[in-house]
């Protein structure tokens, strides 16, 4: 089915859809009609799209999914790097009113196994280079019917996937689109499940409605003042909300184009920004500090970049970053569960920790006592609590975890687990995390999941994983693991080799301590705050001190 492309003159405003059309599918179809032959996404490894070509490709793959029996509410899991296949699969699933489940490409072992079992996908789509990550995953009882491999692959599927039908992504895109295979979604439809780190349990699958996903893009469009003449540089993983919704789909809403690369590289960042003509980009976690700490260059202003959304920034370098690169830094605050609920404005000086003004048309936010949920006075530090004013622009729970959903929604407020304050101008300031989760290299890491792997080591009786602040970490944390050992302590290099086989690269601890037993409270809880406070001591082993490097496998 070939749709005629309406090659209209470039419209100079982002989409302005009524709420009943706040779906990513509506946005795709409207932009295909309004600006069909204009560039949308360009991938560093090939597979560029115009808006019209993207709509047509997703029609074809949606039809192929229909032929595979994918229906409303079925899950389609993608273990995919930033690519054409990722974007096409997501919208194709939405055109069947199915649910797309993007998975962190670093996952392996029990981390990956949990998310596969929780989501129970009918179809798995995986990059050929990532297939080996299923080697240690038990998929029995999940009911995977089809495995789609992206990229050249002539070998056998891992045993855990061998019972499924096997297809290539090229076969899906070769199917001729049929109008009857396409199902119009609603803003209320749950369309995506993204996993976010747990604290006292495994990662939780966030149920994200269409309107929730659409508002992520719309909010960024407004905060960054995007127009169709802008060009985004996207170097963050699209299995996270920032890369996917706040960049790729912000470009869809704005009607502008983007260059997408597989991953962030501090050494390539400036060259890439210059080469693609980017006017806007995002940098999360340690990324902006790494960019700032890179050697100064005569080319630092030889670009078209005017805006960088950077979260977080530090007082030591924020102003200097803006001055060096000639850009405005925009901050914000949000989570996969709650959307982006606040943004700063370039009209005000950049201020470390200031997320800006709450989007009060869509969200209600208070700072509350973390023990009682009683509102704090202006300037008081407490937990950030949020609830939506616009329906379905918020998560609707955790998939198959009703207890965690109820826990997060105590007293009719969503509890973020983050500490903050509101100033007398109504601006939100992020202070720190409250919950026992670790933030490293832009990833929220579940200490529970790290500990579950460590506890399976034959020499480990029990473990505690904590995040500690060290110099040079850009305001983020390094992981310290304290292990109660049965007998002699294992060799550090051998222990690291063991961890690397079973854990995502970014979750492997940097620091280790070996003890006879872990200090606990009277109720049996490990005293983790004491471990954080101790930081790096004379008894702490540092993998960097022994020259251990965890190579990126792909």
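The values are calculated or read from the model by the stated rules, or taken from the named source; none is laboratory data. None of the values given here were measured: they were computed from a predicted structure. Here the Cβ is made from the backbone with ideal geometry for all residues, glycine too, and neighbour counts use every protein chain on show.
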Residue satisfying all of: in segment 482-503; touching a helix residue (DSSP H, G or I) at 6+ places or on another chain (Cβ under 6 Å) and crowded, with 21+ Cβ neighbours inside 10 Å; nearest to residue 534 (Cα to Cα) among these: 482
Yes or no: residue 326 more than 12 Å from residue 388 (Cα to Cα), in contact (Cβ under 8 Å) with a residue 12 or more places away in the chain and within 21 Å of the chain's Cα centre (by Cα)? no
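Out of the residues in segment 105-117 meeting the condition of being touching a residue at least 40 places away in the same chain (Cβ under 8 Å) and over 18 Å from the mean Cα position of the chain (by Cα), tell me which one is farthest from residue 169 (Cα to Cα).
This residue is 110.
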The one condition in (1) surrounded by 22 or more Cβ atoms within 10 Å (Cβ to Cβ); (2) farther than 21 Å from residue 193 by Cα that residue 227 fails to fulfil: (1)
Where in segment 163-276 are the strands (runs of 3 or more DSSP E), entirely inside, with at least 1 residues that are under 17 Å from the mean Cα position of the chain (by Cα), within 29 Å of residue 112 (Cα to Cα) and touching a residue at least 12 places away in the same chain (Cβ under 8 Å)? 190-196, 204-209, 231-234, 257-260
So, first residue more than 28 Å from residue 444 (Cα to Cα) in segment 302-315, second residue part of a strand (DSSP E or B), Cβ within less than 9 Å, six or more apart or across chains; the pairs are 304/231; 305/233; 305/280; 305/281; 306/280; 306/328
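Only one of 79, 5 is surrounded by 16 or more Cβ atoms within 10 Å (Cβ to Cβ) and at pLDDT below 95. Can you tell me which?
From the options 79, 5, the qualifying one is 5.
Do you know which of the residues in segment 279-314 that are assigned to a strand (DSSP E or B) and surrounded by fewer than 22 Cβ atoms within 10 Å (Cβ to Cβ) is farthest from the chain's Cα centre (by Cα)?
Out of the qualifying residues, it is 307.
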Only one of (1) outside the structural domain of residue 258 (by TED's automatic domain parsing); (2) touching a helix residue (DSSP H, G or I) at 6+ places or on another chain (Cβ under 8 Å); (3) at pLDDT 95 or above is not met by residue 199, so which one is it? (3)
Quick count over segment 144-162, residues being outside any helix (DSSP H, G or I) and surrounded by fewer than 15 Cβ atoms within 10 Å (Cβ to Cβ), is 5
Give the number of residues within segment 99-126 that are in a loop (DSSP other than H, G, I, E, B) and within 16 Å of residue 195 (Cα to Cα). 8
Would you mention how many residues in segment 127-143 are in a loop (DSSP other than H, G, I, E, B) and under 13 Å from residue 78 (Cβ atoms)? 0
Wholly within segment 315-412, strands (runs of 3 or more DSSP E) carrying at least 1 residues that are under 13 Å from residue 427 (Cα atoms) and at pLDDT 95 or above: 332-335, 339-343, 354-358, 363-368, 382-388
Would you mention how many residues in segment 87-104 are under 17 Å from the mean Cα position of the chain (by Cα) and surrounded by fewer than 24 Cβ atoms within 10 Å (Cβ to Cβ)? 1
Residues of segment 18-40 being outside any helix (DSSP H, G or I), touching a residue at least 40 places away in the same chain (Cβ under 8 Å) and surrounded by fewer than 23 Cβ atoms within 10 Å (Cβ to Cβ), which ones? 38, 39
